[in-house]
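Since the structure comes first, as structure tokens, the remarks are kept for the end.
The values are calculated or read from the model by the stated rules, or taken from the named source; none is laboratory data. Bear in mind that the values here come from a model prediction, so they are computed numbers and not experimental data. Cβ placement follows ideal geometry from the backbone for every residue including glycine, while neighbour counts extend to all protein chains displayed.
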Amino acid sequence: MTDRRTDADPLAALGAFLTACGFLAEPATDGLRVVNPQALGCCGLIADTISLRPDAHGGPGVLWTSWGEPVGPATRITDAALIVMAYLSTPVQNRVAGR
């Protein structure tokens with residue numbers, strides 16, 4: 001599968017990809033709220049808000065987690081979606097412990 005690239009609205013493209021994969025994704029004031037409806041964490045469903053920040057070199061931007069970790073370039077939607085799906089499928093206690 002080739003990666004779909006978009007400069008128009010990377011968060012919308014990411015949301016569409018994740019929704020097609022069974023995740024819940026909706027626009028939020030600070031980015032894209034993504035929920036895994038199949039995974040429970042310490043406080044309920046595992047979720048995160050992905051934001052789009054400017055690229056330091058003037059590119060289309062970089063996608064970031066709500067805790068300040070880069071997901072990847074906004075032009076690599078498929079890669080970003082796979083990363084988000086992977087960490088939203090891992091219980092929080094395992095992510096924190098590095099498992």
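Things worth noting here:
- Looking across the range 31-47, just one residue is modelled with pLDDT of 95 or more and over 14 Å from Thr19 (Cα atoms), and that is Gly31.
- The residues in the range 82-99 that are at pLDDT below 90, of a type in the set (A, V, I, L, M) and not in a helix (DSSP H, G or I) can be counted, and the count is 1.
- From the options Leu24, Leu18, Leu32, Leu45, residue that is touching a residue at least 40 places away in the same chain (Cβ under 8 Å) and aliphatic (A, V, I, L, M): Leu18
- Of all residues in the range 24-52, exactly one satisfies the criterion of being in contact with a Pro (Cβ under 9 Å, 6 or more places away or on another chain), in a strand (DSSP E or B) and loosely packed, with under 13 Cβ neighbours inside 10 Å, namely Leu40.
- One residue stands out among those in the range 77-88 that are touching an Asp or Glu at 6+ places or on another chain (Cβ under 8 Å) and surrounded by fewer than 18 Cβ atoms within 10 Å (Cβ to Cβ): the one that is nearest to Ala39 (Cα to Cα), which is Tyr87.
- Matching residues in the range 63-82 - criterion: being at positive phi and hydrophobic (A, V, I, L, M, F, W, C): none
- Filtered residues of the range 53-62 (kept if assigned to a loop (DSSP other than H, G, I, E, B) and either touching a residue at least 24 places away in the same chain (Cβ under 8 Å) or surrounded by 13 or more Cβ atoms within 10 Å (Cβ to Cβ) (or both)): Asp55, Pro60, Gly61
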